[in-house]
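Input: a single structure, listed below in C-alpha cells.
The values are calculated or read from the model by the stated rules, or taken from the named source; none is laboratory data. Being a predicted model, the structure only gives us computed values, none of them experimental. Here the Cβ positions follow ideal geometry from the backbone for every residue, glycine too, while neighbour counts run over all protein chains shown.
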Amino acid sequence: MPSSRTPSPRRPGDERTTELIRWAAFSCFLVPVVLLWYGTSLAGAAGTALGLAAVTAVCRLLLRQSERGAARSPAGEHAPHAHHPGRRQRTRTGSHRGGRHSGGNSPVG
C-alpha cells in the first residue's frame, strides 16, 4: 500500500550541507587510519579523530543555524547594512575623505 505522506520539499542547500557533513564524517574515519598506516601512535590517531569529530560537530551546528537564519530572513538573503529611511549621510564643508590635501602638512605645535 503506498504511503499517503509526501516527502517534504528539500532545498538545494540542505542537500549540499548533508553531503558536506558526510564527507567530513568520512574524513574523521579516514585521517586516523592513514596516520596509523604511516606509523603514528594509536593515541595520536585517536586524538586526531576526536579533534576532527569535534570540529565537524561544531561546523554542522553552525551550518544548520545559518540555514535556519537564511530561511527566516526575507528573500532568503541577509542584508548586511539596513537602510534607515530618516537618516542621510552628509559630507560637511571642510571634511575630506582621503586623498592628498594641499598645504598645511606641518605638525601642530
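The rows are residues; the columns are (1) at pLDDT 80 or above; (2) surrounded by fewer than 12 Cβ atoms within 10 Å (Cβ to Cβ).
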residue	(1), (2)
2	no, yes
20	yes, no
27	yes, no
30	yes, no
33	yes, yes
53	yes, no
64	yes, no
70	yes, no
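Looking only at residues in the range 30-46 that are over 32 Å from the mean Cα position of the chain (by Cα) and of a type in the set (A, V, I, L, M, F, W, C), the one that is nearest to residue 56 (Cα to Cα) is 42.
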